[in-house]
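Below is one structure, written out as structure tokens, with a few remarks after it.
The values are calculated or read from the model by the stated rules, or taken from the named source; none is laboratory data. Just so we're clear, the structure is a prediction, and the values are computed from it rather than from any experiment. FYI the Cβ positions are ideal-geometry reconstructions off the backbone, even for glycines, and counts take in every protein chain you see. These area figures cover heavy atoms from the full protein model, side chains too; ligands, DNA and RNA do not enter into them. Shrake-Rupley method; radii C 1.70, N 1.55, O 1.52, S 1.80 Å.
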Amino acid sequence: MWAVERVLAAGIRDWNFPRGIAGVALMVGYAGEHGVPAARMLAGTGLTDAVLRDPDAQIDAHTELAVIRNLVREVDEPALGVELGRRYRITTFGIFGFACVSSPTLGEAISFALRFLDLSFAFCLPVAHWEAGEFVARVHDESVPADVRQFLVERDVTAMYQVMSDLLGRPVPLLRAEFRFAEPGYVDRVTEVLGVRPAYGRAHNVFTIDPAMLEQPLPQANEHTWAMCLAQCRQLVDRRRARTGIAAEVRELLVPGGADGFAAPLGIDLVARELNMSTRTLRRHLDAAGTSYRALLDEVRRALAEEMLTATPLSVSDVAIRLGYAESSTFIYAFKRWTGVTPAAYRRERVLLR
């Protein structure tokens with residue numbers, strides 16, 4: 001497995017996915033320890049204490065983002081993202097966490113976590129790959145709102161590190177860590193938590209481990225439990241990913257109906273016209289549903305691109321044209337953003353896997 005799959009990308013395209021309430025509950029509890037009442041943390045979200053106590057409650061990403069902004073505004077702590085990230089433990093993630101902890105090896109757990117990342121609370125999306133002597137996790141923050149970007153990078157990277165350490169039952173030795181932002185005044189605290197002094201002002205957010213760590217068996221590995229948790233995670237993510245209401249109607253219109261099944265998706269104005277509403281009204285309805293035309297278009301384009309690259313002999317340029325891109329370079333950039341690899345590399349890997 002590890003010799004063929006040279007890139008492990010998240011199974012989602014962006015951070016705008018429904019999520020459980022546990023992440024918000026954790027933040028509200030943390031703020032409470034710093035004297036911030038729950039009412040101030042939940043201001044402007046429509047959430048209540050009763051919702052926080054409901055383990056089955058789901059919220060959209062923008063609601064969690066509002067809580068995050070409240071936390072950053074209300075809690076004055078220099079290394080806030082790092083300190084909060086340390087609170088994310090295996091048990092925070094419910095059945096998703098149990099699936100990870102019962103995986104055979106650390107590598108299998110990482111692969112699983114990336115495939116089902118929309119059962120997490122991440123905003124920064126990791127893509128993992130192999131380099132000489134390193135297993136590299138690049139953490140993408142380009143689409144994260146700028147006002148909370150550094151906080152969320154530090155929170156998500158620290159949470160990923162904490163969960164990996166929990167899985168192994170001991171701290172995971174990082175080979176290096178790099179961040180895109182400037183070095184903060186609390187760098188010594190980051191170094192203490194991650195076990196390595198990060199480099200700052202770099203091109204990407206990155207942390208790396210020895211590839212041999214991927215083969216480490218997990219102390220609580222259990223094949224039966226892992227299979228059971230995997231099935232439950234699949235059911236849960238299928239329910240969360242299901243498009244209903246206006247989102248389902250838009251997605252259906254975006255799926256092409258050409259003779260060969262690969263016509264370019266409709267533009268938003270045409271979609272709105274088909275639904276007998278204005279473009280502005282359509283945008284408002286999609287926002288209320290926790291998604292957007294762009295997010296739905298990316299879903300459709302990615303699915304079509306993967307199918308064409310896998311099942312047809314079409315060139316990358318032809319695929320780009322059929323998806324409605326004016327230039328293949330724009331398509332290549334988008335595909336790499338979705339999957340972490342170029343269309344050509346994706347096609348080569350699928351050929352190797354056959």
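For the chain, the 222 nm mean residue ellipticity estimated from helices alone, with every DSSP H stretch of n ≥ 4 adding -39500 (n - 2.57) and the total spread over all residues, rounds to -15000 deg cm²/dmol.
Let me make sure I get this right: for the range 113-210, a, b and c are the square roots of the gyration tensor eigenvalues over alpha carbons, sorted descending. Under 1.5 in a/c it's rounded, otherwise prolate if a/b > b/c, else oblate. Which is it? Mind showing how you got there, number by number?
Values: a/c = 1.32, a/b = 1.06, b/c = 1.24.
Rounded, since a/c falls under 1.5.
Evaluating 6.51 cos²θ - 1.76 cosθ + 1.60 at θ = phi - 60° for every residue in the range 47-56, the Karplus couplings come out as 7, 10, 4, 4, 5, 4, 8, 8, x, 9 Hz, glycine and proline recorded as x.
Its Cα centre serving as origin, the chain has a Cβ charge dipole (Lys and Arg +1, Asp and Glu -1) of approximately 460 debye.
Based on the Cβ-Cβ distance from SER143 to HIS224, what FRET efficiency comes out when R0 is 35 Å, to the nearest 0.05? Write out the running numbers ahead of the final one.
Details: r = 38 Å, r/R0 = 1.10.
E(calc), rounded to 0.05, equals 0.35.
Taking only protein heavy atoms and a 1.4 Å probe, what accessible area per residue, in Å², does the chain have with all protein chains in place?
Working: 16350 Å² over 354 residues.
That works out to 46 Å² for each residue.
Please work out the Cα center distance from the range 286-354 to the range 136-173, rounded to the nearest Å. What the calculation gives is 26 Å, centre to centre. To the nearest Å, what is the center-to-center distance of the range 65-123 and the range 33-57, using C-alpha atoms only? If you average the Cα positions of each part, the centres end up 18 Å apart. Can you give the FRET efficiency to the nearest 0.05 for SER328 and ASP287, using r as the Cβ-Cβ distance and R₀ = 45 Å? About 0.90, to the nearest 0.05. The Cβ shell under 11 Å around TRP338 holds other residues with a net charge of +1, Lys and Arg each +1, Asp and Glu each -1. Net length available on complete extension from VAL187 to ALA295 is 35.3 nm, with 0.36 nm assigned per residue and the Cα-Cα distance removed. Residues whose amide H lies under 5 Å from that of ARG176, counting only those 5 or more places away or on a different chain, are THR208; hydrogens are built 1.01 Å from N in the peptide plane.
Annotation: Cα Rg of the range 1-156 relative to the compact-globule expectation 2.2 N^0.38 Å equals 1.08. The 3J(HN,Hα) values that the Karplus relation (6.51, -1.76, 1.60; θ = phi - 60°) gives for the range 166-178 are, in residue order, 4, 4, 7, x, 7, x, 7, x, 7, 7, 7, 9, 9 Hz. Gly and Pro appear as x.
The HN-Hα couplings worked out from phi for the range 13-18 by the Karplus form 6.51 cos²θ - 1.76 cosθ + 1.60 (θ = phi - 60°) are 9, 8, 7, 7, 10, x Hz, whole numbers, x standing for Gly and Pro.
Here's the picture: charge each Lys and Arg Cβ at +1 and each Asp and Glu Cβ at -1 in the range 1-73, and of LEU71, ALA39, LEU8 the one pushed furthest to the positive end of that dipole is LEU71.
Taking the 1.4 Å solvent-accessible surface of the chain as the whole, the part contributed by carbon and sulfur is 52%.
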